[in-house]
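One structure is given below, encoded as C-alpha cells.
No lab work stands behind these numbers, since they all come straight from the coordinates. Worth saying up front: this structure is predicted, and the values here are computed from it rather than measured. All Cβ positions, even for glycine, are placed from backbone atoms using ideal geometry, and neighbour counts span all protein chains on display.
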Amino acid sequence: MTRSNYKFKQVVETLVTILLISLFGYTGFSKIASVDLFIVQLKQSPIIPAPLIPFMAYSIPALEIVICFLMLLDGFKTLAFNISLHLLILFTSYLIVLVLFLIAVKSHVHVEEL
C-alpha cells in the first residue's frame, strides 16, 4: 500500500469513528436521559413484544454507550466497528419490517372497507 493510500485510509477511519461516536453517544445518552419517553416510544411499536420493552429500554442505550467507549480504545476499535455494523443492520431490518407491517395492515384495512 502506498503512503497516500495509507493516509487516506487513516483519514476515512478517523472520520467514520468520529461519526459513529457522535451517533451512538448522542442516541445512547438521550435515551438514558429520557428513558420514560423511550419506553413509551417502544410501546407504540406494533412489532416489539411487550415483555421485551423493559430490557430493550436499558440495553440498547447501554450498548450504544459501550460502542462509544470501545471506539476510543485502539485495541477494541475493530470490535466496535463490527458491533456498530450489526446494530445498524438490525435497526435497518427493524425499519423495513415495520414499514412492511404497516403496509400490510393498511392493505388489510382497505380490503375490509370494500
statement: Each label sits 7 Å from Cα toward the beta-carbon; between Asp74 and Met56 the label points are separated, in nm, by 3.9
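Could you grab the relative contact order for the chain? Cα pairs under 8 Å, six or more apart, rounded to a whole percent.
Details: 52 pairs, mean separation 27.3, N = 114.
Contact order relative to length: 24 percent.
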- request: Once you've got the GNM for the chain with C-alpha springs shorter than 10 Å, pick whichever of Phe38, Phe55, Phe81 has the biggest mean-square fluctuation.
  value: Phe55
- prompt: Taking Cα centroids, how far is segment 75-101 from segment 24-56 in Å?
  reply: 16
field: Cα-based reach from Lys43 at 28 Å (exclusive), listing lysines while leaving out same-chain residues under 8 positions away
entry: Lys31, Lys106
query: Can you run phi through the Karplus equation (6.51, -1.76, 1.60; θ = phi - 60°) for segment 53-63 and list ³J(HN,Hα) in whole Hz, with x for Gly and Pro?
result: 4, x, 5, 5, 4, 9, 6, 5, x, 4, 4
query: Label-point separation (nm) for Ile39 and Thr92, each offset 7 Å from Cα along Cα-to-Cβ?
result: 3.2
field: Helix-derived mean residue ellipticity, 222 nm - over the chain, DSSP H n ≥ 4, -39500 (n - 2.57), to 500
entry: -30000 deg cm²/dmol
